[in-house]
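Q: I am attaching a structure below and will ask some questions about it afterwards.
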Amino acid sequence: MGRPPPLLPLCASVSLLGGLTFGYELAVISGALLPLQLDLGLSCFEQEFLVGSLLLGALLASLVGGFLIDRYGRKQVILGSNVVLLAGSLSLGLAGSLAWLVLGRSAAGFAISLSSMACCIYVSELVGPRQRGVLVSLYEAGITVGILLSYALNYALASVPRGWRHMFGWAAAPALLQSLGLLGLPAGTDDAAARRDLIPLQGGEATKLDLGRPRYSFLDLFRERDNMRGRTTVGLGLVLFQQLTGQPNVLSYASTIFHSVGFRGGSSAVLASVGLGAVKVAATLIAIGLVDRAGRRALLLAGCALMALSVSGIGLISFAVPMDSGPSCLAIPNATRLSSLPGDSGLPMGLSSRPLPTTSKNQEKPVSSAYEKTKHCPRAGDPTAPPVPALSTASPAPLSPAPERALLHWAALVCMMIFVSAFSFGFGPVTWLVLSEIYPVEIRGRAFAFCNSFNCATNLIISLSFLDVIGTIGLSWTFLLYGLTAVLGLGFIYLFVPETKGQSLAEIDQQFQRRRFPPRFGHRQSTSGVQYSRIKVSVAS
């Protein structure tokens, strides 16, 4: 028998290609929607329904995906989701009606959501404590690369007749490559296959997979058994604070801030997407380099602190300078930003700006006509709809001198960049890494999917209430409220989230079972007790 395949590079490619598929499928609609509208004559409602169909499939996957992952195994679920994605891409590429487009987008949403959960769990289980953080975080990097790649292909195919068919079809390429890479990896941690194939990296964990291992029901997530309730508290707390800090809604003002510092017309939208994308890539690479050195807690604490400072800074600045142009409800949808999914990039898709009615002085109450005009439109941040108009922070009070206003505009831009960077090396990649580590293997898929469902529901609530909150307390106070929430999240992370770097999954499990996980910021843990044993792995599983 020949030499076994290089396992770590294969794991890295599976994680990166999975994220690339996710990001590409997420963002491709931003370039395909306009030619679709011209070719098929889609109405505004039909466009919104088509964009939202991706979320419908993703919601279904978050509800049933956990049971599929635990029942059939991680590798099989990823391969199955790629088959579903290929079928969805075929439906989209050959579609001649809205029904086939919606069917294809729903299938694609189901596939990328299911694959994202299974991929994070699969990679975390295969690799060891020293590589787990890097390889799972590669999924987040792949998402951003996929989004930027979709922008490039959308631009290249914009003038091609029926180019939207090619845009949708190219999503199959990374999925096919990922499937080929999976053929060289073991099946995972299922019973006999785990003892035979498991990559040597989980010290002491393979022995735990023998007969007689504990069994868990879904309700055990809320019971004291093995401190499952404490684990669920950590998981739900992370996904809730990830959304309650207002990340999707804050980014809906990215184009406005770029416009305010002097970038006019379409350039503000391009910079809001590509510029923030470049910042996000850099921040994600920093996270990949630090997650197994500084640790998960350090990145979460630093990221949450910077998010609190930067979003509060935007809120304070908006008291002093007007932001009277925001994303238009008729713009190309920003709905491709499915921030409810694991590894969400949070990048704005196709933002545009247009002047809107202003609110009354000091943002105390919005002009009623402005609210009525937006009332029939989908609300900001709703993943099923285009971005809504931003309520202005303009005030009839005299404006600051021009140089001072310019300085404040640039300060707002810097705060936005810091906010995106902080999310990208904190909550963005680390939340899903921690979720893939803290639960026992027997219930890991169901627990991960349950937390993802909560993440999705919270995102919808925050997005749908955005206009009401602005109408009640004003834009500046809304951003300051997000800053306060980030401070509360900082306290939650410090008190409840344990450090898991340098530990095998078995050691993390034992740490929770002992119900002792005190804060260990930057604590260097010894891995001398971790045992490794190398095995031969066949190319075909």
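Q: Go through segment 430-455 and count every residue that is at pLDDT below 90 and open to solvent by 10 Å² or more (accessible area, probe 1.4 Å).
A: 4
Q: A further question on this structure: Considering 63, 38, 54, which residue is of a type in the set (A, V, I, L, M, F, W, C) and over 19 Å from the mean Cα position of the chain (by Cα)?
A: From the options 63, 38, 54, the qualifying one is 38.
Q: Mind checking which residues of segment 456-470 are open to solvent by less than 20 Å² (accessible area, probe 1.4 Å) and over 22 Å from the mean Cα position of the chain (by Cα)?
A: Of everything in segment 456-470, those that are open to solvent by less than 20 Å² (accessible area, probe 1.4 Å) and over 22 Å from the mean Cα position of the chain (by Cα) turn out to be 467, 470.
Q: Identify all residues within segment 307-326 that are hydrophobic (A, V, I, L, M, F, W, C) and either farther than 15 Å from residue 247 by Cβ or modelled with pLDDT of 90 or more (or both); write none if there are none.
A: 307, 308, 309, 311, 316, 317, 319, 320, 321, 323 - these are the residues of segment 307-326 that are hydrophobic (A, V, I, L, M, F, W, C) and either farther than 15 Å from residue 247 by Cβ or modelled with pLDDT of 90 or more (or both).
Q: Looking at the structure I just gave you, is residue 38 outside any loop (DSSP other than H, G, I, E, B), in contact with a helix residue (DSSP H, G or I) (Cβ under 8 Å, 6 or more places away or on another chain) and open to solvent by 50 Å² or more (accessible area, probe 1.4 Å)?
A: When the stated conditions are applied, residue 38 does not pass them.
Q: Let me ask you something else. How do the pairs read when you match residues in segment 212-239 that are of a type in the set (Gly, Ala, Ser) with residues anywhere that are open to solvent by less than 10 Å² (accessible area, probe 1.4 Å) and modelled with pLDDT of 85 or more, using Cβ under 7 Å and keeping only pairs 6 or more apart or on different chains?
A: 230/512; 235/435; 235/438; 235/447; 235/451
Q: Being among the small types (Gly, Ala, Ser) and closer than 22 Å to residue 157 by Cβ is the requirement here; does residue 118 meet it?
A: Spelling it out, it is not the case that residue 118 is among the small types (Gly, Ala, Ser) and closer than 22 Å to residue 157 by Cβ.
The values are calculated or read from the model by the stated rules, or taken from the named source; none is laboratory data. Source: prediction; values computed, not measured. Every residue, glycine among them, receives a Cβ derived from its backbone with ideal geometry; neighbour counts consider all protein chains shown. Surface accessibility is based on the protein's heavy atoms, side chains included, excluding ligands, DNA and RNA. Shrake-Rupley method; radii C 1.70, N 1.55, O 1.52, S 1.80 Å.
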